[in-house]
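Remarks on the structure that follows.
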Amino acid sequence: MSLALSVQRPVDAVCTFYGGGMQVLFDQLREKLNAPTLGLFGDADVSIPAGTVEEFDKLLDDVGVEHEVVVYPN
């Protein structure tokens, strides 16, 4: 929800915990996200593949958003 809100209106910061379904927002995030972002994920979570988390991290790098992506083991 925080990612969806961040593309609808200005926010000071974003924290996404698991962030299921975030891939559908990637184009909007690329264009509109400019708030510092913290992403928290679990590596054993099957609802968000590791590739999606890596793609999210790269997207934030590409748009120059200050961010940290943490993937917890097990």
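A short reminder: the numbers here are calculations on the coordinates, not readings from a lab. If you're wondering where the values come from, they're calculated on a predicted model, not measured in any experiment. For neighbour counting, all protein chains shown are included, and Cβ atoms are generated from backbone atoms with ideal geometry for every residue, glycine included.
Tabulated results
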quantity: Within region 37-60, considering residues that are within 16 Å of M1 (Cβ to Cβ) and of a type in the set (G, A, S), the one surrounded by the fewest Cβ atoms within 10 Å (Cβ to Cβ); calculated: S47
quantity: Meets criteria (touching a helix residue (DSSP H, G or I) at 6+ places or on another chain (Cβ under 9 Å), part of a helix (DSSP H, G or I) and of a type in the set (A, V, I, L, M)) for A4; calculated: yes
quantity: Complete set of residues in region 14-26 that are surrounded by 14 or more Cβ atoms within 10 Å (Cβ to Cβ) and in a helix (DSSP H, G or I); calculated: M22, Q23, L25, F26
quantity: Any chance L29 is surrounded by 14 or more Cβ atoms within 10 Å (Cβ to Cβ), touching a Lys or Arg at 6+ places or on another chain (Cβ under 8 Å) and hydrophobic (A, V, I, L, M, F, W, C); calculated: no
quantity: Filter result (in a loop (DSSP other than H, G, I, E, B) and out of contact with any helix residue (DSSP H, G or I) (no Cβ under 7 Å at 6 or more places or on another chain)) within region 41-59; calculated: A44, D45, V46, S47, I48, P49
quantity: Hey, V11 without any contact (Cβ under 8 Å) to a residue 12 or more places away in the chain and over 10 Å from the mean Cα position of the chain (by Cα) or not; calculated: no
